[in-house]
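Undergrad: Input: one structure, supplied below.
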Amino acid sequence: MKISLINSPIRLTDVPRDIPVGLGIIANVLRNENFEINFIDVNTRREELINNDEHFLELLKDSDI
């Protein structure tokens, strides 16, 4: 089963500074249980994803959850 974890931006005017450690821990636990992880960091890909719903939905297309 493929699970998408999404790091969404909190403030669009603020630059990304921190690695999403919490999501990294969740991803590691799920990988250890043999789940496939699709990690989408919208915070660092703002220009590419925020105003492009079709591209964002394409990234989610292959995920089960």
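The values are calculated or read from the model by the stated rules, or taken from the named source; none is laboratory data. Since the model is a prediction, treat every value here as computed from it, not as a measurement. Every residue, glycine as well, gets a Cβ built from its backbone with ideal geometry; the counts of neighbours run over all protein chains shown. The protein model used for the area step is the full one, side chains on, heavy atoms only, and it has no ligands, DNA or RNA in it. Shrake-Rupley method; radii C 1.70, N 1.55, O 1.52, S 1.80 Å.
Undergrad: Note down the net charge around residue 62, summing +1 for each Lys or Arg and -1 for each Asp or Glu among other residues with Cβ under 12 Å from its Cβ.
TA: On the way: positive: 2, 61; negative: 36, 58, 64.
Local net charge: -1.
Undergrad: Given a 1.4 Å probe, how much area per residue of the chain is accessible, in Å²? Let's see the in-between values first.
TA: On the way: 4990 Å² over 65 residues.
That works out to 77 Å² for each residue.
Undergrad: Further question on the same structure: At 0.36 nm per residue, and after removing the present C-alpha to C-alpha distance, how many nm does the segment from residue 31 to residue 10 gain when stretched out fully? Show your work: numbers first, answer last.
TA: Working: separation 21, 0.36 × 21 = 7.56 nm, distance 2.61 nm.
So the chain would gain 4.9 nm between residue 31 and residue 10.
Undergrad: A further question follows. So what is the relative contact order for the chain, in percent, with contacts set as C-alpha pairs under 8 Å and at least six apart?
TA: Values: 64 pairs, mean separation 34.1, N = 65.
Relative contact order for the chain comes out at 52 percent.
Undergrad: Continuing with the same structure: Residues with amide H under 5 Å of residue 39's amide H, sequence separation 5 or more or different chain, H placed in the peptide plane at 1.01 Å from N; which?
TA: It is 5, by chain and number.
Undergrad: Now for a different question. Give the residue from 9, 52, 20 lying farthest towards the positive end of the charge dipole for the chain; charges sit on Cβ (+1 for Lys and Arg, -1 for Asp and Glu) and the dipole is referred to the Cα centre.
TA: Going by the charge dipole, the pick is 20.
Undergrad: Taking θ as phi - 60°, what are the ³J(HN,Hα) couplings along the range 29-43 by the Karplus curve (6.51, -1.76, 1.60), each to the nearest whole Hz, with x for Gly and Pro?
TA: 3J(HN,Hα) across the range 29-43, in whole Hz: 4, 5, 4, 5, 9, 6, 8, 8, 10, 10, 9, 10, 9, 5, 4.
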